[in-house]
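Note sheet for the following structure.
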Amino acid sequence: MRKQVRIKFTNGLSFESGVREILNVVLSEYEFVDSDRPDFVIFGPYGSDVPKGSFIRIGYYCENMKPDMSVCDWAFGTRYEEDVNDPRYLRIQWHGLDPNSLIKDQTNVDEVIKQKTRFCNFVYSNPSAFREKFCAALSKYKPVDAPGKSMNNMESIESTNGTKGDMWQRKRAFLNHYKFTIAFENSSYPGYHTEKILDPMQVNSLPVYWGNPHIDRHFNTRSFVNGHEHLRANGSRLVGFLDANCQREFSYSNTGQSKVVSSKIKAKLKGAGQDLKTRLQYETNFDELIERVIEIDRDESLYARYLSEPWFEKNQPPSNEHVVQRWREIFSAGAV
């Protein structure tokens, strides 16, 4: 029988999505019950309130931010473990995705290519000057389809795609028709990569990726276009200063409205600093990257070579057992 665990999700995380996308790796061992008297609370980064009580607090920092280990008993996040340097912290390896779904069938490349009837897409809602400049530059070669709010030039996915399912399924059905997907993160930081690269991988649309400078630690970079190999980085002292002092942090407050306002102002200033860091760190001359995309687009055998490469080295996803073990440790021992 599965062990019953009373749990609560807060700060932007719901029980249904939390169980499906965060705790899915241990569903065979535990039965999770949504409770107002929980033994464990998992709180996300989408708010400024940290729950108080006699339960175990688990921070789930699924955005590019520095975890605050002082407000939680355990934490998960996007940063590498050596960056956070706390035994109670573990990096999020997968979020709502079975990595086995990315194991490639090496025999169907020709069939995959037949499905790619369109050139490239750009699916974003939030504006980002860096990736929008890249989209505009690539569009000078061929039009790039942008159904989102950012760089919008066509109807929304919901209007153009009759596929049923949730928003992620509809998005992937849209991406499936494209040879390339612009897969730029909101920001660049070691360890931070998201569904931006995972969604096109699931439908074999070649990602043109920028974000995690160490993406080669996770995926076979012969299987996609790694922007970090074609964009020159600026390691100036100013970039280093902005990187060190403008990292987004989890903020919380229980000391009144003035503290909340102060934290919001601080967050905006840090966001502006990160935007400036990105503009300074990576030159906005995208010529080399665009030339690589054009070369692949014009050479069908080269495109097929990319598609035939597995997403993972040796077509083997990394083990997720350490994450399973951590959840077992949390639910059996509680706080350290």
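Data overview
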| quantity | calculated |
| --- | --- |
| Cα pair distances of region 1-153 binned at 10 Å [whole percent] | 9, 26, 27, 22, 14, 2 |
| Estimated FRET transfer efficiency when R0 is 41 angstrom, pair residue 304-residue 150 (beta carbons, to 0.05) | 0.85 |
| Contact order normalised by residue count of region 143-199, Cα under 8 Å, 6+ apart, percent | 18 percent |
| Order by protection proxy (mean Cβ within 10 Å, highest first), peptides 203-216, 62-75, 132-145 | 203-216, 62-75, 132-145 |
| Region 169-213 - accessible surface per residue (Å², probe 1.4 Å) | 21 Å² |
| In Hz, Karplus ³J(HN,Hα) per residue of region 142-158 (6.51, -1.76, 1.60; θ = phi - 60°; x = Gly, Pro) | 9, x, 9, 7, 10, x, x, 5, 7, 6, 4, 9, 7, 5, 5, 4, 4 |
| Label-point gap, in nm, between residue 294 and residue 101 - each point 7 angstrom along Cα→Cβ | 3.6 nm |
| Sequence of 297, 166 from largest to smallest accessible area, 1.4 Å probe | 166, 297 |
| Reachable aspartates and glutamates from residue 114, criterion Cα separation under 17 angstrom, eight or more residues apart if same chain | 105, 297, 299, 300 |
| Computed accessible area, residue 56, all protein chains, 1.4 angstrom probe, square angstrom | 30 Å² |
| Area of residue 46 that stays accessible when all protein chains are in place (1.4 Å probe, Å², to 10) | 110 Å² |
| Heavy atoms of residue 228 accessible to a 1.4 Å probe, total area in Å² rounded to 10 | 40 Å² |
| Inter-centroid distance (Cα atoms) of region 288-318 relative to region 94-149, Å | 13 Å |
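The values are calculated or read from the model by the stated rules, or taken from the named source; none is laboratory data. Keep in mind the model is a prediction, meaning the values are calculated, not measured. Because the Cβ atoms are built from the backbone with ideal geometry, glycine has one as well, and the counts that use them run over all protein chains shown. Areas reflect the complete protein model, heavy atoms only, side chains present, ligands, DNA and RNA absent. Shrake-Rupley method; radii C 1.70, N 1.55, O 1.52, S 1.80 Å.
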